[in-house]
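Inspection log for the structure reproduced underneath, given as structure tokens.
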Amino acid sequence: MSDSPENRILVVAPAWIGDMVMAQSLYKMLRRKSPDSEIDVLAPASTLSLVARMPEVTLGIGFKPGHGELNLSYRKGLGEKLKERRYRRAFVLPNSFKSALVPFFADIPVRTGFRGEFRYLVINDMRMPGKSRLPRMVDQFVSLGVPAGADQPEIEYPQLTADETNLAQCLETLSLDLSRPVLGICPGAEFGEAKKWPEQHFATLTSQAIVRGMQVWIFGGPNDVDTGRRISELAGPTGRDSIRNLAGKTSITDVIDLISHCNLVVSNDSGLMHIAAATGRSLIALFGSTSPAFTPPLSTKARVVSENLSCSPCFKRICPLGHKNCLNGLLPDRLIPLLDAQLNGASE
């Protein structure tokens, strides 16, 4: 690591997993423009481990305050400490005032970010989001890396690297094997119930996959353990030996490695959807209350499935109409041909 600050950059990263994955497109663009640059990423524990799988990142820096906490003294102390890195500029991806404080206290000369929350003092290179010009979140992130008003640069999709050594350890520890094709399902969504495909639908799809000779791995965090258990139960006794509920048993990096060996992944609009897309696996992304126009899976191997109802996207955590037809009405039968196509392609 060089002591020269000539091309040293600090990025204040998002706190959500999906947003963090999409931010890699900015890192790719910065590295393409300046191959010898050093890109340090400041991130909370919830997303910090992802940078280990992003080769564009030089250094990941942990950030302790929880979501919504100001903790001014901590931010000031961290900023003072980061002065030693002598960054030439900073990119602040979250839109809050407090997210820009560390670069401000670190005396970074150019601090780039979007307008929001009284940031005129702490952001001195202010940008306007302009959703008509920058419709997707990834477009907005990447636009920060070029001068204001410049043409939008080419966007490279995120690509998370897998670790075969860690994969082998996960397979052993979790008693998994790759002797049969794997369907990975991601039935959770931290934002709320309105983004979740019904457990019964996941169970029906799971049963159909098992009949076709697949095994099923259920991915998720601690909050998804019960969801995974219910899907396993609803799938019936025939799938008892073919379903593994991995929710709550894996780290984010474990999930990257395991998903990278799935034949197909079916996911709600969630952080794991973005991870699956960034591993290059075939992916079916289920959208209901949210919009693929803003945060689509960034992969040529991803297929978005949606009912496209007049009441969606509503962007609510709970269906305001009480029926959640955008996902309840999206029946597993629509996914079976995609499942068969993937299996037939894998066997050719």
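The values are calculated or read from the model by the stated rules, or taken from the named source; none is laboratory data. The structure presented is a predicted model; accordingly, all values stated were derived computationally and were not measured. No Cβ is skipped: glycine too gets one built from the backbone with ideal geometry, and neighbour counts run over all protein chains shown. Accessible surface areas use protein heavy atoms only, side chains included; no ligands, DNA or RNA. Shrake-Rupley method; radii C 1.70, N 1.55, O 1.52, S 1.80 Å.
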Query raised in the report: Among the listed residues G149, G145, which satisfies the condition of being without any contact (Cβ under 8 Å) to a residue 12 or more places away in the chain, part of a loop (DSSP other than H, G, I, E, B) and over 14 Å from N95 (Cβ atoms)?
Result: G149
**Report entry** Test: residue in the range 35-48 that is at positive phi, in a loop (DSSP other than H, G, I, E, B), open to solvent by 10 Å² or more (accessible area, probe 1.4 Å) and without any contact (Cβ under 8 Å) to a residue 24 or more places away in the chain
**Finding:** no
**Report entry** When residues of the range 209-220 are limited to those that are crowded, with 19+ Cβ neighbours inside 10 Å and not aliphatic (A, V, I, L, M), the one farthest from H261 (Cα to Cα)
**Finding:** G220
Report summary line: For the range 282-306 the number of residues that are outside any strand (DSSP E or B), open to solvent by 60 Å² or more (accessible area, probe 1.4 Å) and modelled with pLDDT of 95 or more is 2
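Collect the residues in the range 117-160 that are of a type in the set (G, A, S) and open to solvent by 90 Å² or more (accessible area, probe 1.4 Å), keeping them in residue-number order.
S132 - this is the single residue of the range 117-160 that is of a type in the set (G, A, S) and open to solvent by 90 Å² or more (accessible area, probe 1.4 Å).
Among the residues of the range 173-188, what is the count of those that are closer than 13 Å to V266 by Cβ and open to solvent by 80 Å² or more (accessible area, probe 1.4 Å)?
Summing the residues that are closer than 13 Å to V266 by Cβ and open to solvent by 80 Å² or more (accessible area, probe 1.4 Å) in the range 173-188 gives 0.
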Query raised in the report: So I275 clears everything in (1) surrounded by 24 or more Cβ atoms within 10 Å (Cβ to Cβ); (2) in contact with a strand residue (DSSP E or B) (Cβ under 7 Å, 6 or more places away or on another chain); (3) modelled with pLDDT of 95 or more except one condition, right? Which one?
Result: (2)
Query raised in the report: Any idea how many residues of the range 53-87 are in a loop (DSSP other than H, G, I, E, B), more than 19 Å from the chain's Cα centre (by Cα) and crowded, with 17+ Cβ neighbours inside 10 Å?
Result: 2
Report summary line: Flagged pairs (Cβ under 7 angstrom, 6 or more apart or on separate chains; first in the range 49-78, more than 15 Å from P14 (Cβ to Cβ); second assigned to a loop (DSSP other than H, G, I, E, B) and of a type in the set (K, R)) are Y74/K64
Query raised in the report: Considering the range 210-245 alone, what residues qualify as being part of a helix (DSSP H, G or I) and aliphatic (A, V, I, L, M)?
Result: I210, V211, V225, I231, L234
**Report entry** Top-ranked residue in the range 107-116 [being modelled with pLDDT under 95 and in contact with a strand residue (DSSP E or B) (Cβ under 8 Å, 6 or more places away or on another chain); ranked as least open to solvent (accessible area, probe 1.4 Å)]
**Finding:** F114
Query raised in the report: When you scan the range 19-34, how many residues do you find that are within 18 Å of V92 (Cβ to Cβ) and open to solvent by 20 Å² or more (accessible area, probe 1.4 Å)?
Result: 1
Requested in this report: Answer with yes or no whether G248 is more than 16 Å from the chain's Cα centre (by Cα), assigned to a loop (DSSP other than H, G, I, E, B), surrounded by fewer than 22 Cβ atoms within 10 Å (Cβ to Cβ) and at positive phi.
Outcome: yes
Report task. Sort through F104, F97 and tell me the only one that's among the aromatic types (F, W, Y), farther than 20 Å from M29 by Cα and touching a Phe, Trp or Tyr at 6+ places or on another chain (Cβ under 7 Å). Result -> F97
Report task. For the range 214-241, enumerate the residues that are touching a residue at least 40 places away in the same chain (Cβ under 8 Å) and within 15 Å of L183 (Cβ to Cβ). Result -> M214, W217, F219, G220, G228, I231
Query raised in the report: Do we find a residue being among the basic types (K, R) and part of a loop (DSSP other than H, G, I, E, B) anywhere in the range 118-128?
Result: yes
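I'd like to check something: does the range 160-171 contain any residue that is part of a loop (DSSP other than H, G, I, E, B), within 18 Å of V255 (Cα to Cα) and β-branched (V, I, T)?
Yes, some residue in the range 160-171 is part of a loop (DSSP other than H, G, I, E, B), within 18 Å of V255 (Cα to Cα) and β-branched (V, I, T).
Would you please name the residue that is nearest to E190 (Cα to Cα), looking only at residues in the range 307-333 that are in contact (Cβ under 8 Å) with a residue 24 or more places away in the chain and exposed (fewer than 15 other Cβ atoms within 10 Å of the Cβ)?
R317
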Requested in this report: Working carefully through the options D177, D139, find the one that is under 23 Å from A276 (Cβ atoms), of a type in the set (D, E) and part of a helix (DSSP H, G or I).
Outcome: D139
